[in-house]
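Single-structure report; data block below.
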Amino acid sequence: TATTTTTKMKLLKKQISQKDGGGMVFLQPETPEDLWHAYNLVQDGDEVRCTTVRKVVKESSTGSTTSQKRRVMLTIQVTKVDFDPDVLQLRISGTVTSENDVVRLGAHHTLTVELNSNFSITKEVWDQIYLDRIDEATHPEQQAEIAAVVLQLGLAHVCLVTGALTVTKARIETNIPKKRTGYNSQHSKAITKFYEAVYQAILRHVDFQKVRVVLLASPGFVNQDMFQYLQQESVKREDRALIENKSKFVLGKASSGHKHALEEVFSDPGIMSRMNDTKVAKESAVLHKFMRTMEVDPDRAYYGYDHVQRANQELAIDSLLVTDELFRSSNVQTRRLYVNLVESVRENGGTVYLFSSLHVSGQQLQQVSGVAAMLRFPMPDLDELEEQAEQFQQNEDDPDETTDSDGEEYDPERRIREDLQDMGF
């Protein structure tokens, strides 16, 4: 049976001033998604403190040198943050700000934060987006998980999809010989061996107590054959985890067994409609709704900070779509603009959807500035103002002809089609 694992980022300590918002949090990441949350919490200029390994070189009286690795507690002021979801490491670089007998003040060092390692973050201001992120990380029961298996004959990836990222838990590759006269038994045995490996990977890595949906996606009928194998073998072996949760399996189409084929599955509204409880599905649905609104009622769909902010000033925003990429800006003023926008939309009764840039929906939104809004009522004035500004500029250049920047007649419908194409629709 699948094992149950803890999925909660541990908040070991929190000291944040009610007066100015400054202070420190002490955290312990326990899942890959926790590391993603940590990556979004740490910014340039923060102070991060944790244990690290530092190489210490000693010189003897004879001039010979010896080196050894020592574990020390260091505090650095952050200059760079990198997250590698494949090796599950958060690498934080900066200059040392705490004095000790091993590392001098001002020295450069890179801290590595891994699963189950404790670390603290100190900020001058913990804004509402940061506080929301901590709340989301420490209350993961608010997010549902999806297990996804993309497969073709001989290749499969078993993945866990959380609210923020997709983690590969197993890659199965088996050589399947081609069907040949007199050798069909080898072909059949290889397929059975492959299905068995996928079966065992699902049992090992899918916790059915947490997972709401298990996607089986493939070209052709491979997913149907795999699902039939799962059903038959689970009954034979009395694997209760699979027998009791067969209703959680959803079959879909994918072009291959490679991990990137998951993007096709998550772009299928028919599949996503069967996963209503999950954050990924909600984001996908709201993005498709925004795309449809751009097509049929463009006066109620805007993107780009300037347009969205203008709509917010008129209390017009019903749904705000924004990617977490925007909040990782090293420019404090830029980040503050988006934080203020999110807080204002919430105060005015709007719903805010924060998209992960590691999911296909977040990447599509990022292609059109990373911020968009659906409005409570049409605001054609914004488009009119834009057209008037363009018209004015064009008349300055050529008073006899209305053209766009490429010298063609301005066509707002064509512009919408091009924008949708940029988003991948």
What strands (runs of 3 or more DSSP E) lie completely within the range 114-208 and have 3 or more residues being touching a residue at least 60 places away in the same chain (Cβ under 8 Å) and of a type in the set (A, V, I, L, M, F, W, C)? 145-152, 155-161
Return the residues of the range 262-284 that are free of Cβ contacts under 8 Å to residues at least 40 places away in the same chain and more than 19 Å from LEU165 (Cβ to Cβ); say none if nothing qualifies. ASP268, PRO269, GLY270, SER273, ASN276
In the range 113-126, how many are out of contact with any Asp or Glu (no Cβ under 9 Å at 6 or more places or on another chain) and surrounded by 15 or more Cβ atoms within 10 Å (Cβ to Cβ)? 5
Which condition number does GLU295 fail, the rest of (1) more than 23 Å from the chain's Cα centre (by Cα); (2) over 25 Å from GLU343 (Cα atoms); (3) open to solvent by less than 60 Å² (accessible area, probe 1.4 Å) being met? (3)
Would you mind telling me which numbered condition in (1) surrounded by 16 or more Cβ atoms within 10 Å (Cβ to Cβ); (2) in contact with a strand residue (DSSP E or B) (Cβ under 8 Å, 6 or more places away or on another chain); (3) more than 30 Å from ALA261 (Cβ to Cβ) ARG346 fails? (1)
Checking the condition in a strand (DSSP E or B), in contact with a strand residue (DSSP E or B) (Cβ under 7 Å, 6 or more places away or on another chain), open to solvent by 30 Å² or more (accessible area, probe 1.4 Å) and in contact (Cβ under 8 Å) with a residue 60 or more places away in the chain, which residue from LEU12, LEU27 passes? LEU12
Looking at the range 88-105, I want the residues that are in contact (Cβ under 8 Å) with a residue 60 or more places away in the chain and over 25 Å from HIS37 (Cα atoms) and have a partner that is part of a strand (DSSP E or B) and among the small types (Gly, Ala, Ser) with Cβ atoms under 9 Å, at least 6 apart or on another chain. Which pairs are those? none
Being surrounded by 15 or more Cβ atoms within 10 Å (Cβ to Cβ), β-branched (Val, Ile, Thr) and touching a residue at least 60 places away in the same chain (Cβ under 8 Å) narrows it down to one residue among VAL308, VAL352; which is it? VAL308
Would the range 65-78 turn up any residue that is more than 29 Å from LEU337 (Cβ to Cβ), in contact with a Phe, Trp or Tyr (Cβ under 8 Å, 6 or more places away or on another chain) and either part of a loop (DSSP other than H, G, I, E, B) or not hydrophobic (A, V, I, L, M, F, W, C) (or both)? no
Among (1) open to solvent by 60 Å² or more (accessible area, probe 1.4 Å); (2) at pLDDT below 90, the one test that THR403 misses: (1)
Just to be sure I understand, how many residues within the range 30-53 are part of a strand (DSSP E or B), in contact with a Lys or Arg (Cβ under 6 Å, 6 or more places away or on another chain) and touching a residue at least 24 places away in the same chain (Cβ under 8 Å)? 1
Of the numbered conditions (1) at pLDDT below 85; (2) surrounded by 14 or more Cβ atoms within 10 Å (Cβ to Cβ), ILE129 satisfies every one except a single condition; which is it? (1)
Out of all the residues in the range 329-348, is one or more closer than 30 Å to VAL150 by Cα and within 23 Å of the chain's Cα centre (by Cα)? no
Being farther than 30 Å from MET275 by Cα, open to solvent by 50 Å² or more (accessible area, probe 1.4 Å) and within 23 Å of the chain's Cα centre (by Cα) narrows ARG91, ARG171, ARG180 down to just ARG91
For the range 237-329, give me every one of the helices (runs of 4 or more DSSP H) that falls completely inside it and has 3 or more residues that are under 30 Å from ALA217 (Cβ atoms). 240-243, 262-266, 269-272, 279-296
Flagged in the range 355-381 as of a type outside the set (D, E, K, R), surrounded by fewer than 17 Cβ atoms within 10 Å (Cβ to Cβ) and over 27 Å from VAL81 (Cβ atoms), in numbering order, are PHE377, PRO378, PRO380
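The values are calculated or read from the model by the stated rules, or taken from the named source; none is laboratory data. Remember, predicted model here, so these are calculated numbers, not experimental data. Cβ sites come from the backbone with ideal geometry, for glycine too, and all protein chains shown count toward neighbours. Keep in mind that these areas ignore ligands, DNA and RNA; they rest on the heavy atoms of the full protein, side chains included. Shrake-Rupley method; radii C 1.70, N 1.55, O 1.52, S 1.80 Å.
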